[in-house]
Amino acid sequence: MADRRVDLSALPKEVRDQLAELDLELSEGDITQKGYEKKRTKLLAPYIIQTPGKNPLPLFFSHGSSRYRERRSRRTHRSGGTRDDRYRSDIHSEAVQAALAKHKEEKMALPMPTKRRSTYVQSPVVTRTPPDSSSGSEDETSVRRQSSVVPPPPTVNPNLQSPDSWINSTVQGSSTSSSASSTLSHGEHQPQSSAHTAAVTDMLAHSRIENSTPPPDVTAVAPPSRGPRVDLTSNPVVRGMSRGQSRSSMMETADGVPVNSRVSTKIQQLLNTLKRPKRPPLSEFFTDDAEEIVEVPQPDPNIPKPEGRQIIPVKGEPLGVVSNWPPALQAALARWGATQGKSPALTALDITGKPFCTLTYGKLWSRSVKLAYTLLNKLGTKNEQILKPGDKVALVYPNSDPGMFWVAFYGCLLAEVIPVPIEVPLSRKDVGISQVGFLLGSCGVGLALTSEICLKGLPKTPTGEILQFKGWPRLKWVVTDSKYLTKPSKDWQPHIPTANTDPAYIEYKASKDGTVVGVAVSKVAMLTHCQALTQACNYCEGETLVNVLDFKKDIGLWHGVLTAVMNRIHTISVPYAVMKACPLSWVQRVHNHKARIALVKCRDLHWAMMAHREQRDTSLASLRMLIVADGANPWSVSSCDAFLNVFQSHGLKPEVICPCATSPEAMTVAIRRPGVPGTPLPARAILSMGGLSHGVIRVNTEDKNSALTVQDVGHVMPGALMCIVKPDGPPQLCKTDEIGEIIINSRAGGNMYYGLPGVTKNTFEVIPVNANGVPIGEIPFVRSGLLGFVGPGSLIFVVGKIEGLLMVSGRRHNADDLVATALAVEPVKTVYRGRIAVFSITVFYDERVVIVAEQRPDASEEDSFQWMSRVLQAIDSIHQVGLYCLALVPANTLPKTPLGGIHISDTKQFFLDGNLHPCNILMCPHTCVTNLPKPRQKQPVGVGPASVMVGNLVAGKRIAQAAGRDLGMIEDQDLVRKHQYLTEALQWRAQTDADHVLFVLLNAKGVPVSTATCVQLHKRAEKIAAALTEKGSINTGENVVLLYPPGIDLIAAFYGCLYAGCVPVNVRPPHPQNLAATLPTVRMIIDVSKAACILTTQNLMRTLRSKEAAASVNIKTWPTIIDTDDLPRRRPPQIYKPPTAEMIAYLDFSVSTTGMLTGVKVSHAAVSALCRSIKLQCELYSSRQIAICLDPYCGLGFVLWCLASVYSGHQSVLIPPFELESCLSLWLSTLSQYRIRDTFCSYSVMELCTKGLGTQTELLKARGVSLSCVRSCVVIAEERPRLSLSYSFSKLFKDIGLSSRAVSTAFGSRVNLAICLQGTTGPDPCTVYVDMKSLRHDRVRVVERGAPQSLPLMESGKILPGVRVIIVNPETRGPLGDSHLGEIWVNSPHNASGYYTIYGEESLQANHFNTKLSFGDPQTLWARTGYLGFVKRTELLEANGDRHDALFVVGSLDETLELRGLRYHPIDIETSVSRAHRSIAESAVFTWTNLLVVVSELCGSEQDALDLVPLITNVVLEEHHLIVGVVVIVDPGVIPINSRGEKQRMHLRDSFLADQLDPIYVAYNM
């Protein structure tokens, strides 16, 4: 680039101006980067020279030395139209660039978030071409490049890279990236090293794993609503996995996912990034102690500590007594009104910047008197006085109308009512509007003064009345235009008493948390403050003052309205709107009126500097004081310098710049006095930021990147006394080298927060104490809210504000400093007008820093992400603090303060509520959360299970085991003895009770479409058995697949198979609308079970042979298919009777939540024992009727649908769950119509009713639906009971008679289909609250309801008769005590016989079905359920008088997540996530290479998607002490859910890794 070899300061002035104009055009987007480069090169071509040297930084407290001035004069003004001028600092920019240059060496590729295009509609889709190094698409860094020397970027062949690779190369901080502009800050010339170029090229080549692979196609969008629930198998595994073998071995290859898939690569990048060590070294491990949560970092012995002596209070010069000072401010106005009536008091400008009205002192006096008279005498009816002296009145005037405000303010003072100036409310949604209402309410304001024009502009209701703003008291509005005021009678004179301690006015102040308080200023304080300002600023009568600030409060009010009138000064008020249109207007006013004083902010200096070339002939020579209102901001120094640099040639003298420090409470704290020409300029302090963060002052010597240059704000005000005290804790005096809060004792300060005595005491009545805690005197001080110190010569230095203080890990950081650093990272392409907000939020016991910036509308995705990653690096380098979150929001969307700044507290609230709607977000919890508990190290298993057991016994803990009652010989033992097999039971019933109806099937209208008596079922079974032997030529013992919709055909086919001696395999039919997803599972079960034949209906047979089916599976290789709709009347030659009860009755296939397809063998003996057990538990017999609304394909659902009625003789009313989709109330109205006492359902059915009928209970009641008959409603499940769903269901339908005790759950597993089932007798299911922290350590600690970190668990029903359970350590296989979480092992006559496998894996069989304890009772054979749980002895009594042992299921062992050495259950994390934001419909979590991935379904609009990322990260960190690695936001219905309503997380994981989810957004947390 040309400018690298040009000394810009040596260029002719017109060339510099043309360059600046170019810069401005570029920053405003009026010119392309290419055009800019071309014009610039042309301009600079004649002046190219060799690289010059550069001066180092000034030293600490270097008085305006020639060297410093020379450097300053060489620094050309820079365009920064897009950069917030408050924080412009060239020194700081260089420091940031140098810090970033260090990072270039580290190859840190941050994975870019994946985003669906529609999510960020605001930015146009950028054509993704790799950067062409010749087009100069680096950034508009050249705007501020004058002092930098950088090797040119290497040319990289664009064809070698995928689009993503160049995105990431820039992120790594290679020198192609924007902000490396001023890397070499000392001017040493670095030759273009080929090694460097090679290194960068090399880095680019390695920044991605799959450089030339195009990203996979994700155009196949998932259906938006949750489709049919499907059992998906992740891979054809037919066994249960061995419990010991975790899934991690399978994860490494991503279960067949190609390793170069986009998602896996990004995760790999994320892992590489996270491998960098965290800052505080963590001590290795801790022994299991549930109380220890937070890792407290050990204090670093090397942190700087204050070493000075205790500070001595600093006294201002005495306040002189001047003979002609008025006794009150109103008296001054009266005097000037009478004696100098023609003298101008105020000139107001119109929107174009032209003066449109001048108020003389005579007019000001007469109008104020008229208003005072009107307020006191003319507002009410004849005899009542509405306003009395001392009442409070709101002043509502726009910034463009200072004249009306002056009259109103002085009118109130003359009437002795107290004015409360506030901003004009523009809409109901103004930020902080209700807080202003709170202020008005607490001040007792009932009246608002305003102008006619303003009143017309206020928002109105349709009837024309002024809108009642949220939180505001009822106000009466009074218009104060002259024509509405009454002239007082001749004898009426306003009462002007001598100033006393009554309040004169109330100034509003918005505090850090957004609350608005009113600072009351007494009459005497107002007068004394004016006197002190007059003395400090040396105001003289008749001077002219230009005021750009808000005249309603703070410096604008104190100097421009109050002190001005006291000294008969002519004020020219420049409204904010004029400044926006013409930034130079205030400079022109100074020039035109030969003004002596100007009141400005850094912003105004900056804007004027930007626009100054429009005016060549302005002169600022008349100024004797340029008061910089925010001169206390540490970053003001560079604005002052740059302004002086530009305007010195226009007559501006260096000594007139007077920064000051103020606060609403202490008013003016300090101001630099106007200097004498020729005297040396005041000192600068160059401080170490590291020292500042520990609250001490250290000269910055070693690392100039982290230096802060601050200017003084002059001396203490006349008549004031100042101390510095510690900002937190008791007000203890600081040491001389310590930063603290400035406190002031003076007559000229605020008196109180009006109406808030408690807060007032802490702020306005502070008595400082010494190191021993002894008060140093009697006099009270006021806290100013400013942080600073006293420098040499009693000069005051301010380094920040209390409300901008962020306390992170015990160190203090100033929000303004962080904003400045972020802005120094070349924001031109990314940040809109430099609008950046910094605040902290409390997450997991510490403050976390959040930066939110507005993004330019034309900023590209890559630029934004790159800017964010560089800000991370810069803040880490310079401030040594990690950012928690960086968010970019669309331009103009952050809440604004009345004058256009960012409303920080509202922004923070939006962020926490998830209402910020960012378009880009980067979370970095891994780097900044350093106080996580130490990972648990599993204790070495040196202690055997026997010792554990003995230890438990010694400690008085029982062994955790429980049993159902005995399965003794019951009353119909003949039946049991005679009919050992279900086939025999059915034949017996067909003979003895032929017409007894066993099954009734209902359709969606609740009408029975099919019934089966004992004899009908028997005959249909015979027909099917005959067809099997004839048509299918099936041999005994062969497997037959049953493929039926829920109904009676399925039951008949099952018994038909048993009659024919085959083994039925019940399979859920494929979903006709979703064959591609459901048919492969059917095919897999058919193949795995080696079925010889398929029994099905005509419709399904057509489906199996259709073209659509052929697209997913090979339809030519189906086994024989028999349709059982129209079978001839045949009887089989004989009904098969198995030779032994241990023979297999049927196979039960099911897909687990981890996507494993497992088939178990159920013997005839097990079927009989199970049916007997259920009969006993539920008291089932022939005269009973039960309703079943379940899927009848596996587990207990199948047993209840097909087997139990035949065994026990009760009638089953069958309701297929799919019918509920067309008639939600079908199940509940059936219960009511048939007066059913016992019903069985699934969680899916319960959820459908809860969500769909929750609002219709009145309607159901009106239709006569009553559930008072229901005695037990049992949910059939193989999971932890869903307590909240059961509770919601009970609560919702309580109105139609459902008993709160009715709902309970059952529990079964693959090895034993029914372990628990809440029967009709026995105690109600109980709920306990356990401590989640202990649970992660496999301990069970019962706590009170509502305890923090407590988890409610419901008992999983009563243990069935004949069943024994024991809780076992899955690793050692030893029994556990009842305070431990362990695997549930079960022993019962109805355990399954084993897995059905093709190859017969005996080891697995033995491991799961016939396992023995390693100690205790080595004889009994147990089956391992694969579920974790615990047994708790309760206070409830069993029927036999013993105390009841309750079994609690916590979760599946396969599903648990092992993270940081602790055991987590996905459902707990998902419950927290679903609570995080109203737009989260459903969520699922899984791990991938030790990263926690959270997938959340978004039910709101897509613009909410990025709001969820920080909220999800926060809630998981707060409640589970885990850092989320990846957050994936998807459409509703994407998380796969099986037919039982359980999430299939492993299937989801595989889809995610194969990039098949089409996510709305994927965030990779750093």
In the range 1178-1208, residue farthest from VAL1015 (Cα to Cα) [restricted to those that are in contact with a Cys (Cβ under 9 Å, 6 or more places away or on another chain) and open to solvent by 10 Å² or more (accessible area, probe 1.4 Å)]: ARG1184
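Has the range 1159-1168 got any residue that is over 19 Å from VAL1363 (Cα atoms) and in contact (Cβ under 8 Å) with a residue 60 or more places away in the chain?
Initial filter on the range 1159-1168 (over 19 Å from VAL1363 (Cα atoms)): 1159.
Filter again for in contact (Cβ under 8 Å) with a residue 60 or more places away in the chain, leaving 1159.
The answer is yes, given that some residue of the range 1159-1168 is over 19 Å from VAL1363 (Cα atoms) and in contact (Cβ under 8 Å) with a residue 60 or more places away in the chain.
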Test: residue in the range 425-439 that is touching a Pro at 6+ places or on another chain (Cβ under 9 Å) and modelled with pLDDT of 90 or more: no
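This table checks each residue for (1) touching a residue at least 60 places away in the same chain (Cβ under 8 Å); (2) over 17 Å from MET625 (Cβ atoms).
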residue	(1), (2)
ASP641	yes, yes
ASN645	yes, yes
SER649	no, yes
MET667	yes, yes
ALA670	yes, no
ILE697	yes, yes
GLY719	yes, yes
PRO731	no, yes
LYS735	yes, yes
Given (1) in contact with a strand residue (DSSP E or B) (Cβ under 6 Å, 6 or more places away or on another chain); (2) closer than 30 Å to ALA1505 by Cβ, index of the condition GLU1438 fails: (2)
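Restricting to the range 1209-1218, name every residue that is in contact with a Pro (Cβ under 9 Å, 6 or more places away or on another chain) and either open to solvent by less than 40 Å² (accessible area, probe 1.4 Å) or in a loop (DSSP other than H, G, I, E, B) (or both). Don't jump to the end; show me each part of the working.
Residues of the range 1209-1218 that are in contact with a Pro (Cβ under 9 Å, 6 or more places away or on another chain), as a first pass: 1213-1218.
Matches in the range 1209-1218: VAL1213, LEU1214, ILE1215, PRO1216, PRO1217.
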Subset tally (residues that are open to solvent by less than 10 Å² (accessible area, probe 1.4 Å), over 15 Å from LEU375 (Cβ atoms) and in contact with a helix residue (DSSP H, G or I) (Cβ under 6 Å, 6 or more places away or on another chain)) for the range 394-405: 1
Qualifying positions in the range 1116-1153 - in contact with a strand residue (DSSP E or B) (Cβ under 6 Å, 6 or more places away or on another chain) and of a type in the set (Val, Ile, Thr): THR1120, ILE1121, ILE1122, THR1124, ILE1144, VAL1151
Residue within the range 514-527 that is open to solvent by 40 Å² or more (accessible area, probe 1.4 Å) and not β-branched (Val, Ile, Thr) present: no
Pairs where the first residue, in the range 297-312, is within 21 Å of CYS928 (Cβ to Cβ) and open to solvent by 100 Å² or more (accessible area, probe 1.4 Å) and the second is of a type in the set (Ser, Thr, Tyr) and assigned to a loop (DSSP other than H, G, I, E, B), C-beta under 9 Å, 6+ apart: GLN298/SER283
Answer from ALA1204, ALA1145 - the residue that is within 19 Å of GLY1362 (Cβ to Cβ), touching a Leu at 6+ places or on another chain (Cβ under 8 Å) and in a strand (DSSP E or B): ALA1145
Boolean, PRO459 is in contact (Cβ under 8 Å) with a residue 40 or more places away in the chain and either open to solvent by less than 70 Å² (accessible area, probe 1.4 Å) or within 29 Å of GLY804 (Cβ to Cβ) (or both): no
For CYS537: the one exception among (1) more than 20 Å from ALA608 (Cα to Cα); (2) open to solvent by 10 Å² or more (accessible area, probe 1.4 Å); (3) not aromatic (Phe, Trp, Tyr): (2)
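Given ARG856, ARG812, which one is modelled with pLDDT of 90 or more, more than 22 Å from PRO111 (Cβ to Cβ), in contact with a helix residue (DSSP H, G or I) (Cβ under 6 Å, 6 or more places away or on another chain) and open to solvent by 10 Å² or more (accessible area, probe 1.4 Å)? Can you show your working first?
Values: ARG856 fails: in contact with a helix residue (DSSP H, G or I) (Cβ under 6 Å, 6 or more places away or on another chain).
Every option except ARG812 fails the conditions.
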Selection within the range 820-834 - surrounded by fewer than 24 Cβ atoms within 10 Å (Cβ to Cβ) and in contact with a strand residue (DSSP E or B) (Cβ under 6 Å, 6 or more places away or on another chain): TYR832
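If a residue counts only when it is farther than 30 Å from GLN298 by Cβ and in contact (Cβ under 8 Å) with a residue 24 or more places away in the chain, which strands (runs of 3 or more DSSP E) contained entirely in the range 779-832 have at least 3 such residues? Working first, answer last.
On the way: elements: 782-790, 796-801, 805-808, 811-814.
Counting at least 3 such residues, we get 782-790, 796-801.
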Scan of the range 707-753 for residues that are part of a loop (DSSP other than H, G, I, E, B) and within 30 Å of GLN97 (Cα to Cα), ordered by number: VAL713, ASP737, ILE739
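Identify, from the list ASN770, ASN762, the residue that is farther than 30 Å from VAL699 by Cβ, of a type in the set (S, T, N, Q) and open to solvent by 20 Å² or more (accessible area, probe 1.4 Å).
Details: ASN770 fails: farther than 30 Å from VAL699 by Cβ.
Sole residue among the options that is farther than 30 Å from VAL699 by Cβ, of a type in the set (S, T, N, Q) and open to solvent by 20 Å² or more (accessible area, probe 1.4 Å): ASN762.
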Members of the range 989-1004 that are open to solvent by less than 40 Å² (accessible area, probe 1.4 Å) and part of a helix (DSSP H, G or I): ARG989, ALA990
Residue in the range 1171-1189 that is modelled with pLDDT of 90 or more, within 54 Å of the chain's Cα centre (by Cα) and farther than 23 Å from ARG1271 by Cβ present: no
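The values are calculated or read from the model by the stated rules, or taken from the named source; none is laboratory data. Since this is a predicted model, take the numbers as computed values, not measurements. Because the Cβ atoms are built from the backbone with ideal geometry, glycine has one as well, and the counts that use them run over all protein chains shown. These accessible areas exclude ligands, DNA and RNA; they are computed on the full protein's heavy atoms, side chains included. Shrake-Rupley method; radii C 1.70, N 1.55, O 1.52, S 1.80 Å.
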